[in-house]
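Worksheet: one structure, shown below.
The numbers here are math on the coordinates, done by the rules we state, and not lab data. All values reported here derive from a predicted model rather than from experimental measurement. Neighbour counts run over all protein chains shown; Cβ positions are idealised from the backbone, glycine included.
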Amino acid sequence: MGASPQSARSLNLARPLAFFDLETTGTEVATDRIVEIAVLKLMPDGTEHTFCTLVNPGIPIPSAATDVHGISDDEVREKPTFGQIAADLALFLTGCDLAGFNVMRFDLPLLKAEVERAGLTWRWSDEAYKVIDVHVVYQEKERRDLVSAVKFYCGEEHHDSHSALADARATRRVLEAQVRRYADLPNTIEGLGTFCRDARPNRFADSGYWFLVEHGLPVFNKSKHKGEPLLEVAKSDPSFLNWMLTKDIPDDTKKIVRNALFKTASTSSN
């Protein structure tokens, strides 16, 4: 009797796949910081390597965040800053595709922001690596958090939730179970990356989530100008955009703002 399609299928890796998870001071990409990072690197031959460390965020950890992940200011006071681990982390991730749970919306933009603050340059394009978001697959295929996903796909209770390495390991088990369960889900990283990218087209124009894309143009997603096209605000309230450029917001957000101001100034001068 032959093996069923579910039992026969497995992840097909052409190069290392790095499952990563962050614990942070909060949920704002522009202002919050990493307090723990864990990476589980799965090699094409099935072996694995880990990178896991607490991180001193350089700012106080709010009690609400500590309530979630259990990491306090005292625990990170003597730990390295992100800038001190960034080079080692970059080396560990070299040549890897990336995977995680809800990483496309939060973990990856925050990691990118931390890297930029550390003064490093990593290649973030789709050509450089593929991003597999287990949360996207889960939402598309079953439509819910990591604890629920572990129970649904693996038949287990995820008791160690919000331990970064435990979450990374759980995410790996969920992705492998998803590949076994769905015969129409690609099992190559190329195919999974395309699935995650196309299943939920990115509605946001920037990693700080200041702008939505509507009809190909950026529209404010927050602030007093929420719902207004950026180019209209550049004409009616340029001082607000100039104020944005003085704030601690992601570089790609600032680039969009500068482009809008430049376009408006060019139009006015003609």
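Could the peptides 102-109, 163-170 be put in order, highest first, of the mean number of other beta-carbon atoms found within 10 Å of their residues?
On the way: 102-109: 20.0, 163-170: 21.9.
Highest mean packing first, the order is 163-170, 102-109.
Using a basic spin-label model with each label point 7 Å from the Cα along Cα→Cβ, how many nm lie between Glu28 and Met43?
It is 4.3 nm.
Give the relative contact order (percent, whole number) for the range 211-269; include only Cα pairs under 8 Å separated by 6+ residues.
It rounds to 23 percent for the range 211-269.
Apply the Karplus curve 6.51 cos²θ - 1.76 cosθ + 1.60, θ = phi - 60°, to the phi angles in the range 186-197 and return the couplings in whole Hz, x for Gly and Pro.
x, 10, 9, 5, 4, x, 5, x, 5, 4, 5, 5
Sort all Cα-Cα distances of the chain into consecutive 10 angstrom bins from zero, then give the percent of pairs in each bin up to the one containing the longest distance.
Calculated P(r), rounded to whole percents: 6, 26, 31, 23, 10, 3, 0, 0.
Please report the projected area of the range 211-269's Cα convex hull averaged over all directions, in nm².
Numbers: hull surface 15.6 nm².
Orientation-averaged projected area of the Cα hull: 3.9 nm².
Asp88 label point, 7 Å along Cα→Cβ, cut-off 14 Å on backbone N: hits in the range 37-63?
The answer is 37-39, 50-56.
Between Leu245 and His215, what FRET efficiency follows from the Cβ-Cβ distance if R0 is 25 Å, with the result rounded to 0.05?
According to the calculation, E is roughly 0.50.
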